[in-house]
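First the structure, in the form of structure tokens, and then the observations on it.
Throughout, read-outs are computed from the coordinates displayed, never taken from laboratory work. Please read all numbers here as calculations on a predicted model, not as lab measurements. A quick note on method: Cβ atoms are made from the backbone with ideal geometry, for glycine too, and the neighbour counts reach across all protein chains shown.
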């Protein structure tokens, strides 16, 4: 099985090393100092007290790798439109694209039994570029739970998690998704195939859409946002609004808001990815995590006053810090 990891940073590198160990033919697509170190010394994964180094092909030129059976895209959501054309050389007639990206995916309405069937989501796919270049018929959705970090170029530290949920946009158990799940299970991961992956996407997004932007605005950790009464009230209001939108779109939430908030509190004094990006001067995932949710609220006619307020504030915060990669609505 030929697999390319496009954006082989922390999560992509973790998956890639595990797949190499399981015997897959894996190519790492990366850039900069991380790429240089991987080429020179291999890719080292530290996990569960053990360290392993593998030496897969590594390149910044996807054309060198050629068409693959599967391409894992593990970029930040805002980077995907700019990278779409670079992914094309990896695509053969049957290549599947596994989108390991936080937030609302660009293929969200593809094949969905809904009045909005096959409608692009402008917040994450401006002008429908992704829909055209990386057609959703290629997409296999995923919800990725492991946490990892590039601790130095070429070295990845896996801190927790071993589950990746997969799902076809149409909910089917296709031969291609079953083959991929089998390969990932051989790599030591837990890989349920979900007929309703969008439900799981929303459960993860539910917390992220509230806690990430609030952390960027306040500097507070997850634990504080989830337990400080006034901050928790804002997060809860955002989650209530988002739940109404999701349920209008047919989503079923298997847990309630209180349980989701408790889960965030249990993570402890952790800085969200959006706060970390702000502190490091990196582009922030505002539109995939919150902008798209507000867009969907407008689409279905559900009021989202708290989400809209927080979205406006966090966009401006990011803009002033030079960390907003999107285009602000007029």
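In the chain, helical runs assigned H by DSSP with n ≥ 4 each contribute -39500 (n - 2.57); averaged across all residues and rounded to the nearest 500, the mean residue ellipticity at 222 nm is -13000 deg cm²/dmol.
Over the stretch 270-330, the pair-distance histogram of Cα-Cα distances with 10 Å bins from zero comes to 22, 53, 22, 3 percent, rounded to whole numbers.
What FRET efficiency would be calculated for the residue pair residue 186, residue 149, taking the C-beta separation as r and a Förster radius of 25 Å, to the nearest 0.05? The calculated FRET efficiency here is 0.50. In a fully extended conformation the segment linking residue 319 and residue 135 would gain 63.2 nm over its present Cα-Cα distance, using 0.36 nm per residue.
In plain terms, the residue of 218, 306, 272 with the fewest other Cβ atoms within 10 Å comes first and the most crowded comes last, giving 218, 306, 272.
Please give the contour-minus-distance gain from residue 52 to residue 170: 0.36 nm per residue of separation, less the Cα-Cα distance, rounded to one decimal in nm.
38.7 nm
When the chain is treated as a GNM with alpha-carbon contacts under 10 Å, the residue of 256, 60, 287 showing the greatest mean-square fluctuation is 256. Between residue 265 and residue 117, the FRET efficiency estimated from the beta carbon spacing at R0 = 51 angstrom works out to 0.85. Using only the C-alpha atoms, the convex hull of the chain corresponds to 126 Å³ per residue.
Classify the stretch 38-107 as rounded, prolate or oblate, taking a ≥ b ≥ c as the square roots of the eigenvalues of its Cα gyration tensor: rounded when a/c is under 1.5, otherwise prolate if a/b is larger than b/c and oblate if not.
In terms of gyration-tensor shape, oblate.
Checking the a/c ratio against 1.5 first, then a/b against b/c, what shape does the Cα gyration tensor give for the stretch 192-257? Prolate shape, in that a/c is at least 1.5 and a/b is the bigger ratio. In terms of the mean number of neighbouring beta-carbon atoms within 10 Å, the peptides 260-266, 316-322 order highest first as 260-266, 316-322. Remark: the residue 248-residue 179 segment gains 21.5 nm on full extension, using 0.36 nm per residue and subtracting the alpha carbon distance. By the count of neighbouring beta-carbon atoms within 10 Å, fewest first, 99, 227 end up ordered 227, 99.
For the stretch 4-50 versus the stretch 97-172, the inter-centroid distance based on Cα atoms is 20 Å. Residues 15, 222, ranked from the fewest to the most other C-beta atoms within 10 Å, line up as 222, 15. I want to verify the translational diffusion coefficient of the stretch 85-232 in µm²/s; compute it with Stokes-Einstein, Rh as the Kirkwood radius over Cα pairs, at 20 °C and 1.002 mPa s. Rounded to a whole number, D works out at 123 µm²/s.
Under the shape rule built on the C-alpha gyration tensor, where the axes satisfy a ≥ b ≥ c, the stretch 1-137 is prolate, since a/c reaches at least 1.5 and a/b is greater than b/c.
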